[in-house]
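Q: One structure, as structure tokens, below. Some questions next.
The values are calculated or read from the model by the stated rules, or taken from the named source; none is laboratory data. Here the structure is a predicted model, which means the values were calculated and not measured. All Cβ positions, even for glycine, are placed from backbone atoms using ideal geometry, and neighbour counts span all protein chains on display.
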Ligand SMILES: CC(C)(COP(=O)(O)OP(=O)(O)OC[C@H]1O[C@@H](n2cnc3c(N)ncnc32)[C@H](O)[C@@H]1OP(=O)(O)O)[C@@H](O)C(=O)NCCC(=O)NCCS
């Protein structure tokens, strides 16, 4: 029984959506633009943030970083380590779509996702974008909590939205 429990704990701990890792020593963070120079680093961090099947490929990051309609930012420590990232694409209809956001497990719950969202929203407002949309898995209660706290509201249930058949919520926020 104890062996089964240890195996179970091993697999649960391997889910990067869980932040049950030792917190990093306290530090300060800066939000900076994320460019193609950080492709390798963001692709690596994304693997630590998302479970297999939920993460973006390096190819997708290359596509996003090459696209002039993409806005992308990273959180960095004074030593230059990337601890979080956010990507959004501006649509021709004046709305923007947040495509991904992630924070390194050992740096979570330090307001980094909130700061990345806030920074992105300010940049979108400056470009005249009036609405932000995003999708979130029904099972991702942590992200839903973050978005609700930041003023996003669920407007639609997206049946079978994800490749594993999971439903999602479409959430939106007005920037006006
Ligand atoms: C979701 C995620 C980006 C949040 O990053 P974060 O930097 O820890 O978030 P913040 O510290 O800015 O948290 C802001 C608020 O979100 C909510 N929140 C964040 N983590 C939470 C948790 N583990 N449990 C409950 N609420 C949580 C809280 O309301 C929190 O405010 P509080 O700390 O004052 O209570 C991070 O957990 C992550 O990278 N998860 C894996 C990737 C992912 O799921 N991305 C979203 C895809 S849609």
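Q: Would a scan of the range 80-93 turn up a residue that is part of a loop (DSSP other than H, G, I, E, B) and within 12 Å of the ligand (Cβ to nearest atom)? Spell out how you get there, then give the answer.
A: Quick first cut of the range 80-93, residues part of a loop (DSSP other than H, G, I, E, B) only: 80-81, 91-93.
Remaining after also requiring within 12 Å of the ligand (Cβ to nearest atom): none.
There is no residue in the range 80-93 that is part of a loop (DSSP other than H, G, I, E, B) and within 12 Å of the ligand (Cβ to nearest atom).
Q: For the range 136-170, what are the residues that are in a strand (DSSP E or B), surrounded by fewer than 17 Cβ atoms within 10 Å (Cβ to Cβ) and in contact (Cβ under 8 Å) with a residue 24 or more places away in the chain? Steps first, please.
A: Taking the range 136-170 first, the residues in a strand (DSSP E or B) are 136-137, 153-158, 168-170.
Subset that is surrounded by fewer than 17 Cβ atoms within 10 Å (Cβ to Cβ): 153-158, 170.
If the condition is that a residue be in a strand (DSSP E or B), surrounded by fewer than 17 Cβ atoms within 10 Å (Cβ to Cβ) and in contact (Cβ under 8 Å) with a residue 24 or more places away in the chain, then 170 is the only one that fits.
Q: Also: Return the only residue of 24, 96 being in contact with a helix residue (DSSP H, G or I) (Cβ under 8 Å, 6 or more places away or on another chain), surrounded by fewer than 16 Cβ atoms within 10 Å (Cβ to Cβ) and either at pLDDT 95 or above or assigned to a helix (DSSP H, G or I) (or both).
A: 24
Q: Shifting gears a bit: Scan the range 101-135 residue by residue and report those that are surrounded by fewer than 17 Cβ atoms within 10 Å (Cβ to Cβ), more than 19 Å from residue 171 (Cβ to Cβ), near the ligand (Cβ under 9 Å from one of its atoms) and touching a residue at least 12 places away in the same chain (Cβ under 8 Å).
A: 109
Q: Here is a follow-up. Please enumerate the residues belonging to the range 56-74 that are over 11 Å from residue 100 (Cβ atoms), in contact with a helix residue (DSSP H, G or I) (Cβ under 7 Å, 6 or more places away or on another chain) and not in a strand (DSSP E or B).
A: The answer is 58, 62, 65.
Q: Do you know which residues across the range 75-88 are surrounded by 13 or more Cβ atoms within 10 Å (Cβ to Cβ) and out of contact with any helix residue (DSSP H, G or I) (no Cβ under 6 Å at 6 or more places or on another chain)? Before the answer, list the steps.
A: Going residue by residue through the range 75-88, those that are surrounded by 13 or more Cβ atoms within 10 Å (Cβ to Cβ) are 75-77, 81-88.
76, 77, 81, listed by residue number.
Q: With the structure loaded, tell me whether residue 113 is touching a helix residue (DSSP H, G or I) at 6+ places or on another chain (Cβ under 6 Å) and part of a helix (DSSP H, G or I) or whether it fails that test. If you could, list the steps in order and put the result at the bottom.
A: Details: touching a helix residue (DSSP H, G or I) at 6+ places or on another chain (Cβ under 6 Å): yes; part of a helix (DSSP H, G or I): yes.
Yes, satisfied.
Q: Something else about it: What number goes with the only condition from (1) more than 8 Å from the ligand (Cβ to nearest atom); (2) modelled with pLDDT of 95 or more; (3) out of contact with any helix residue (DSSP H, G or I) (no Cβ under 7 Å at 6 or more places or on another chain) that residue 149 does not pass?
A: Result: residue 149 fails condition (1) only.
To keep it simple, each residue is scored yes or no on (1) over 21 Å from residue 115 (Cα atoms); (2) surrounded by 10 or more Cβ atoms within 10 Å (Cβ to Cβ); (3) under 17 Å from the mean Cα position of the chain (by Cα); (4) modelled with pLDDT under 95.
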| site | (1), (2), (3), (4) |
| --- | --- |
| 8 | yes, yes, no, yes |
| 13 | yes, yes, no, yes |
| 38 | no, yes, yes, no |
| 43 | no, yes, yes, no |
| 52 | yes, no, yes, yes |
| 71 | no, yes, yes, no |
